[in-house]
1. Taking R0 as 25 Å, what FRET efficiency do you get between residue A:5 and residue A:61 from their Cβ-Cβ distance, rounded to the nearest 0.05?
2. Can you list the GluC sites (Glu not before Pro) in region A:48-100 that are in a DSSP coil and have 13 or fewer other beta carbons within 10 angstrom?
3. Under 8 Å for C-alpha pairs, at least 6 residues apart: give me the relative contact order for chain A, rounded to a whole percent.
4. Under 29 Å Cα to Cα from residue A:69, which lysines show up? Leave out anything in the same chain fewer than 8 places away.
5. Which log10 I(q)/I(0) values does the protein assembly as shown give at q = 0.11 Å⁻¹ under the Debye formula, counting every alpha carbon as one identical point scatterer?
6. If you look at just the Cα atoms of chain B, how large are its Rg and its Dmax in Å?
7. About the Cα centre of region A:2-111, what is the dipole size in debye to 20, counting +1 per Lys and Arg Cβ and -1 per Asp and Glu Cβ, all else neutral?
8. Summarise the long-distance tail of P(r) for region A:72-112 by giving the % of C-alpha pairs beyond 14 Å.
Amino acid sequence: AQSVTQLDSHVSVSEGTPVLLRCNYSSSYSPSLFWYVQHPNKGLQLLLKYTSAATLVKGINGFEAEFKKSETSFHLTKPSAHMSDAAEYFCVVNSGYSTLTFGKGTMLLVSP
Amino acid sequence: GAGVSQSPSNKVTEKGKDVELRCDPISGHTALYWYRQSLGQGLEFLIYFQGNSAPDKSGLPSDRFSAERTGGSVSTLTIQRTQQEDSAVYLCASSLVLGNNEQFFGPGTRLTVL
């Protein structure tokens, strides 16, 4: 079985400050992990993915995530938030099954 | 096409009517997936296809829901006798092969059942 917990439903930051979106997972097997972003009225876009290579994964738009097996975590970070980063972010796990399991999402709010 | 496309983008229907939602995956992608995104429920998996075959229909919410895929390409999700609780955004995704590969998502179809 696999599951994903996104620890915050909403995160608010000021433009130019760091972003941290937290994600914990559980999986019976070595998982692949993803972060997707969804801007209002837009489709889901892949930010980055971890597939058992380097544990620090760099994605698009300056985002990165670190896979920590001991903590079963895959937190998403960005050093400096932009207004355009405001969106909903989904942490996703795939343990080799045919489907993805999505977290409930974290809404990132960026204020000027 | 360049990405996954879905039609219609919006659908408003009356309770009790049938609706068909269409998904065109990325050319060459053998695996296709349907998800539903609704307020309070997050994103839930409905069904996947490997080629034209859907081995596991257990994710479909009720027997009013069905899906098919023909020619290893286009897929349709059909909802019969729609109910208000069917209102949601229905997302389609495709991947090169089944398994751990990245899934590419379409823009979704927003279904509103009055």
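The values are calculated or read from the model by the stated rules, or taken from the named source; none is laboratory data. Fair warning: this is a prediction, and the values are worked out from it, not measured in the lab. For neighbour counting, all protein chains shown are included, and Cβ atoms are generated from backbone atoms with ideal geometry for every residue, glycine included. Ligands, DNA and RNA are stripped out before the accessible areas are found, and what is left, the full protein with its side chains, is counted by its heavy atoms. Shrake-Rupley method; radii C 1.70, N 1.55, O 1.52, S 1.80 Å.
1. Details: r = 24 Å, r/R0 = 0.96.
The formula returns an efficiency of 0.55 here.
2. Counting only loop positions with at most 13 other Cβ atoms within 10 Å, the GluC sites (Glu not before Pro) in region A:48-100 are A:71.
3. Relative contact order here is 38 percent.
4. Those lysines meeting the cut-off are A:49, A:58, A:78, A:104.
5. Here the Debye-derived log intensity ratios amount to -0.55.
6. Rg, Dmax (Cα atoms, Å): 13.2, 38.
7. Numbers: 8 positive and 7 negative charges, 46 e Å.
Roughly 220 debye for region A:2-111.
8. 58
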